[in-house]
1. Return 287, 279, 100 ranked ascending by Cβ neighbour count within 10 Å, so the fewest neighbours appear first.
2. With a cut-off of 8 Å between alpha carbons and a minimum separation of six or more residues, what is the relative contact order of the chain in percent?
3. Report the antiparallel proportion of the DSSP beta bridges in the chain as a percent, rounded to a multiple of 5.
4. Restricting the count to DSSP beta bridges whose residues both fall in the range 3-142, what percent are antiparallel, rounded to a multiple of 5?
5. Identify which of 340, 131, 278 has the largest mean-square fluctuation in a Gaussian network model of the chain, with springs joining Cα atoms closer than 10 Å.
6. Please report 18, 284, 177 as a ranked list, fewest other C-beta atoms within 10 angstrom at the top and most at the bottom.
7. Run the numbers for residue 13 and residue 299: contour at 0.36 nm per residue of separation, minus the present Cα-Cα distance, in nm.
8. Could you quote the convex hull projected area for the range 346-385, Cα atoms only and averaged over all directions, in nm²?
């Protein structure tokens, strides 16, 4: 690009109608001039060739993405990761804020994603390492989306669970049981105090556990648990499948007694989720398969909070995400950024309930709560309930006993002296 060409992809905020643009935060490593690289990043995700040969025209003012901010730091030792066929030249690590006109793709999530995290971004000349860190939407764009149908308030109302976390449990073994024993485990978890018993993300309409049969038995078990405890319960059915089956599977599961349904959001696709949102009569829950493939490396891909924002935009009422602890390999600050992306103001779009998950049990609840600084979250143990040595009812009870101790300001070890289930959890899950 010539210097004039490069300048055509830079702008100041005061020069733009910002309501017509999304703002994108990128980090990238480039070879050569950072301004030229940033201009290419804008060009490739929007106009590419912005005029016909030998025609006096320029489509950049209407269609071109524009660099609003650019910071560059030299990397004297080259790229931070080995890159095959890497471009040559001095290497810089850059941070850029780019305004992208949303009229280029409209309120269509596949087209949005194709533009801001598609071929143009990841094949921009001179930029072998690039990461989309965040995305912000103007009010004019958000107005075209419904977002969650229930949101945090609606999910709490459904379960009559207020002023505390919502307690989920992943029925275990996750995909190894036929419907009848699977339903019995869910029933025990509800009796012990779970708000929601859920299918694992790997268990959908499987031959050994057909959704129709499983949801009928779990629906009946849920109703029996409600009668026994006097409080509402939730059965979360995983209906992940081909897009053309989602409506039918939703209808079967809900008719049988599932009062929440789950999709593996990225494998299904956010457009499929948005379609189901228009049809759904119960809260939609997102699970996170495939997201780590985009987000784990700090120098490349898409930050997980971008997907959190897009899932909320698509209409998920609850968003399960990688949580704290070594198993999930997710930095604490990233978990917190995803939780904020669920709860912070987003035009008229309702908040989604964040559910950071990963090897939780009664002993991790206080750390999660203190770190998040809010009760607006879901807590989702699996083995912490269904691997409890006294059984699922005791596992669920240990979670509720842990919360009561936290609420009362009593150390868990002190409360465990009078609570058998909590005492057993502390002994079992802390054992080497």
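No value in this document is a laboratory result; all are computed from the given coordinates. Note that the structure is a prediction, hence the values are computed from the model and not measured. When we count neighbours, we look across all protein chains shown, and the Cβ atoms used for this are built from the backbone with ideal geometry, even at glycine.
1. On the way: 287 29, 279 10, 100 23.
With the sparsest Cβ surroundings first, the list reads 279, 100, 287.
2. Working: 892 pairs, mean separation 65.4, N = 432.
So the answer I get is 15 percent.
3. On the way: 27 of 53 bridges.
In the chain, approximately 50 percent of DSSP beta bridges are antiparallel ones.
4. On the way: 26 of 27 bridges.
Just about 95 percent of them are antiparallel.
5. 278
6. Numbers: 18 15, 284 27, 177 18.
Sorted ascending by nearby Cβ count, the order is 18, 177, 284.
7. Values: separation 286, 0.36 × 286 = 102.96 nm, distance 2.68 nm.
Stretched out fully, the residue 13 to residue 299 stretch lengthens by 100.3 nm.
8. 3.3
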